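The structure appears right after this line, and notes come after that.
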Amino acid sequence: MRVATVDDLDAAGETLARAFEHDPLWGWAFEDAERERKLASLAAVFGFFAEAALGLGWVRVTDGVEAVALWIPPGSPEMSPADEERLPGVIEAACGAESAARVSELLDAFESSHPHEPPHFYLSLLGTHPDHAGHGHGLGLVADCLAAIDAADPPAATFLESSNPANVPRYERLGFRPTRELELIAGLRGTQMWRGPGGSAPPVAHGRFDPGP
């Protein structure tokens, strides 16, 4: 595991694009009849997310960028005000009009449902390039990140929103627990998951599973 640099951004965008191409939520948002155009749109937007978070020091990658984990530390915004202003233009430039509207709708849904207490590290994006899937790159990367978070004084809680039900058991193996399932977009659901400080049980306020509306 290492901290990503500016030189990794193109590869990180490509890895995340390939990882989320068929994701139930992100795949829907970036719907496009042409696969190459869809992948280019995903790479441009996810690459921008990675670039916006780079200065926080918690965009972590494997040595060959086979996997990417984008973390937002406690108390930090996902992007600066300047990057927030740039984001709509990045989405519009990367996507067709219909896809751009879907991406914005999904981002608004994530933002409105995101809890702010207790303070936590937020795993915003995790992806493994499909050419390297099945070798433990993604979960290994997250495990290394969690070890670093747990070793801090004090350790912090961690939070993620799984956009794919198939990934929930994988996160559970790392100590995350599902605490809320909610409908983010009509017919499309996500699972909020918490891991307490040092790998403990989820924070009390979020410790009971809530199926959501």
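The values are calculated or read from the model by the stated rules, or taken from the named source; none is laboratory data. Every value quoted in this text rests on a predicted model; they were computed, and no experiment measured them. A quick note on method: Cβ atoms are made from the backbone with ideal geometry, for glycine too, and the neighbour counts reach across all protein chains shown.
Scan region 141-164 and report the pairs whose first residue is touching a residue at least 12 places away in the same chain (Cβ under 8 Å) and within 17 Å of Glu117 (Cα to Cα) and whose second residue is surrounded by fewer than 17 Cβ atoms within 10 Å (Cβ to Cβ) and among the polar types (S, T, N, Q), with Cβ atoms within less than 9 Å and a gap of 6+ or a chain change.
Between residues of region 141-164 that are touching a residue at least 12 places away in the same chain (Cβ under 8 Å) and within 17 Å of Glu117 (Cα to Cα) and residues that are surrounded by fewer than 17 Cβ atoms within 10 Å (Cβ to Cβ) and among the polar types (S, T, N, Q), the close pairs are Pro155/Ser200; Ala157/Ser200; Glu161/Ser113.
Being touching a Phe, Trp or Tyr at 6+ places or on another chain (Cβ under 7 Å), over 23 Å from Thr158 (Cβ atoms) and aliphatic (A, V, I, L, M), is that true of even one residue in region 101-112?
Yes, that holds for at least one residue.
So how many residues does region 3-18 have that are surrounded by fewer than 23 Cβ atoms within 10 Å (Cβ to Cβ) and assigned to a helix (DSSP H, G or I)?
Residues flagged as surrounded by fewer than 23 Cβ atoms within 10 Å (Cβ to Cβ) and assigned to a helix (DSSP H, G or I) within region 3-18 amount to 8.
Rundown of residues vs (1) over 17 Å from the mean Cα position of the chain (by Cα); (2) at pLDDT 90 or above; (3) exposed (fewer than 15 other Cβ atoms within 10 Å of the Cβ); (4) closer than 20 Å to Pro74 by Cβ, yes/no style:
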site: His129; (1), (2), (3), (4): no, yes, no, no
site: Leu139; (1), (2), (3), (4): no, yes, no, no
site: Leu160; (1), (2), (3), (4): no, yes, no, yes
site: Pro169; (1), (2), (3), (4): no, yes, yes, no
site: Leu174; (1), (2), (3), (4): no, yes, no, yes
site: Arg177; (1), (2), (3), (4): no, yes, no, yes
site: Leu184; (1), (2), (3), (4): no, no, no, no
site: Met193; (1), (2), (3), (4): no, yes, no, yes
site: His206; (1), (2), (3), (4): yes, no, no, yes
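Among the residues of region 22-34, is there at least one that is charged (D, E, K, R), touching a residue at least 24 places away in the same chain (Cβ under 8 Å) and either out of contact with any Ser or Thr (no Cβ under 9 Å at 6 or more places or on another chain) or within 26 Å of Gly136 (Cα to Cα) (or both)?
Looking for residues that are charged (D, E, K, R), touching a residue at least 24 places away in the same chain (Cβ under 8 Å) and either out of contact with any Ser or Thr (no Cβ under 9 Å at 6 or more places or on another chain) or within 26 Å of Gly136 (Cα to Cα) (or both), one finds at least one in region 22-34, hence yes.
Filter region 68-100 for residues that are out of contact with any strand residue (DSSP E or B) (no Cβ under 7 Å at 6 or more places or on another chain) and in a loop (DSSP other than H, G, I, E, B) and give the result.
Passing the criteria: Gly75, Ser76, Pro77, Met79, Ser80, Cys95, Gly96.
Looking at (1) within 18 Å of Leu139 (Cβ to Cβ); (2) surrounded by fewer than 19 Cβ atoms within 10 Å (Cβ to Cβ), which is the only condition Val61 fails?
It fails just one condition, (2).
Any residue in region 101-119 that's over 15 Å from Ala186 (Cβ atoms) and part of a loop (DSSP other than H, G, I, E, B): show its pairings with residues that are at pLDDT below 90 and among the hydrophobic types (A, V, I, L, M, F, W, C) at Cβ separation under 8 Å, as long as the two are six or more apart or on different chains.
Glu117/Ala205; Pro118/Ala205
Among the numbered conditions (1) under 16 Å from the mean Cα position of the chain (by Cα); (2) buried (at least 16 other Cβ atoms within 10 Å of the Cβ), tell me where Arg102 comes up short.
The one condition Arg102 does not meet is (1).
Please enumerate the residues belonging to region 25-37 that are outside any helix (DSSP H, G or I) and buried (at least 16 other Cβ atoms within 10 Å of the Cβ).
Leu25, Phe30, Asp32 - these are the residues of region 25-37 that are outside any helix (DSSP H, G or I) and buried (at least 16 other Cβ atoms within 10 Å of the Cβ).
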